[in-house]
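Colleague: One structure coming up, written as structure tokens, with questions to follow.
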Amino acid sequence: MNNVCCGNNAYFTKPKTTLYMAIIEPEKREVVHPYQQKKYSAALRLWHWINLLVISGSLLTVLLNATILDGRESGTFIQQQLQKAGAAVTEDQARAASRGIRDEVWQVHIYCGYTIIALLLFRLALEFFGVTDQKLIRKIKAAYHYYFVIKKERKLAKHELFVKSLYAVFYCMLLIMAITGLCMVFEDDVPALKNMHFIREIHEFTMYLILTFIAVHLAGVYLAEHRDSKGIVSDMINGGRK
């Protein structure tokens, strides 16, 4: 069956699996101005790429401490390597060294958390003081209005409403990660936090949700680059071509 890609009837004849995948693709057009390409402000692009680096670094520290530096194996490895170098190291000393390395990695994780909090505050500031037509809440309201109220550009509006709402959920997840992370960092100073073990569970569960979002986002970008929105990554670097 041939694809139909014209006007509001676009993709109506595509297979359902294609439709489901298309909904996660970033879109280069605006709902309010469907014939204009999206532009990205310098502040938003800076936030996007720094956020990517910091979240990646934070997740990397978790991965390191959960694999290479986890448990008895890391202490044994350190002991073996030091013994090969001619040092006399006991098993307890090697384990202590391993714990010290893990603590240092967790410190990097904490610094990444502080940076994520700063980036969240910066993103919130953009919602108040940034370019008007690039505010997330405005985009969600516009998509809702076009889809449910005036019922124009409904396909594009539905896509925009879903994607931007997903971004809003992502920001909420980052906020939860930040709050629970701060609780864990300062639990020694606040006795009431000591017995709230559910905070760690929430923190870890939210991390998996963020990993899921990142996977979905990357899949959407990949599909966009290979289908209808080619160049969307470069647009996030240079702001979008005129």
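Colleague: Based on this model, can you work out whether residue 25 counts as modelled with pLDDT under 70, outside the structural domain of residue 101 (by TED's automatic domain parsing), surrounded by 12 or more Cβ atoms within 10 Å (Cβ to Cβ) and not β-branched (Val, Ile, Thr)?
Modeller: Numbers: modelled with pLDDT under 70: yes; outside the structural domain of residue 101 (by TED's automatic domain parsing): yes; surrounded by 12 or more Cβ atoms within 10 Å (Cβ to Cβ): yes; not β-branched (Val, Ile, Thr): yes.
Judged against the criteria, residue 25 is a match.
Colleague: A follow-up question, please. Take residue 18 and decide whether it is over 22 Å from the mean Cα position of the chain (by Cα), at pLDDT below 90, more than 30 Å from residue 225 (Cα to Cα) and among the hydroxyl-bearing types (Ser, Thr, Tyr).
Modeller: Values: over 22 Å from the mean Cα position of the chain (by Cα): yes; at pLDDT below 90: yes; more than 30 Å from residue 225 (Cα to Cα): no; among the hydroxyl-bearing types (Ser, Thr, Tyr): yes.
Spelling it out, it is not the case that residue 18 is over 22 Å from the mean Cα position of the chain (by Cα), at pLDDT below 90, more than 30 Å from residue 225 (Cα to Cα) and among the hydroxyl-bearing types (Ser, Thr, Tyr).
Colleague: Of everything in segment 186-225, what is modelled with pLDDT under 90 and of a type in the set (Ser, Thr, Tyr)? Give them in sequence order.
Modeller: If the condition is that a residue be modelled with pLDDT under 90 and of a type in the set (Ser, Thr, Tyr), then 222 is the only one that fits.
Colleague: Restricting attention to segment 181-197, and to residues there that are in a helix (DSSP H, G or I) and touching a helix residue (DSSP H, G or I) at 6+ places or on another chain (Cβ under 9 Å), which single residue is farthest from residue 62 (Cα to Cα)? Don't jump to the end; show me each part of the working.
Modeller: Residues of segment 181-197 in a helix (DSSP H, G or I): 181-185, 191-194.
So of that shortlist, the ones also touching a helix residue (DSSP H, G or I) at 6+ places or on another chain (Cβ under 9 Å) come out as 181-185, 193.
Numbers: 181: 13, 182: 16, 183: 18, 184: 15, 185: 15, 193: 22 Å.
Among those that are in a helix (DSSP H, G or I) and touching a helix residue (DSSP H, G or I) at 6+ places or on another chain (Cβ under 9 Å), it is 193.
Colleague: Let me ask you something else. For segment 62-72, check the following and say yes or no: at least one residue is at pLDDT below 90 and over 28 Å from residue 206 (Cβ atoms).
Modeller: Checked segment 62-72: at least one residue is at pLDDT below 90 and over 28 Å from residue 206 (Cβ atoms).
Colleague: In segment 139-149, which residues are within 21 Å of the chain's Cα centre (by Cα) and either more than 10 Å from residue 161 (Cβ to Cβ) or in contact (Cβ under 8 Å) with a residue 60 or more places away in the chain (or both)? Give the derivation first.
Modeller: The initial filter retains those residues of segment 139-149 that are within 21 Å of the chain's Cα centre (by Cα), namely 139-140.
Within segment 139-149, just 139 meets the criteria.
Colleague: Can you name every one of the helices (runs of 4 or more DSSP H) wholly within segment 28-144 that holds 3 or more residues which are under 30 Å from residue 230 (Cβ atoms)? Write out each step before concluding.
Modeller: On the way: elements: 42-66, 71-84, 91-129, 136-144.
Correct list: 42-66, 91-129, 136-144.
The values are calculated or read from the model by the stated rules, or taken from the named source; none is laboratory data. Everything numeric in this text was worked out from a predicted model, so none of it was measured. All Cβ positions, glycine included, derive from the backbone under ideal geometry; neighbour counts span all protein chains shown.
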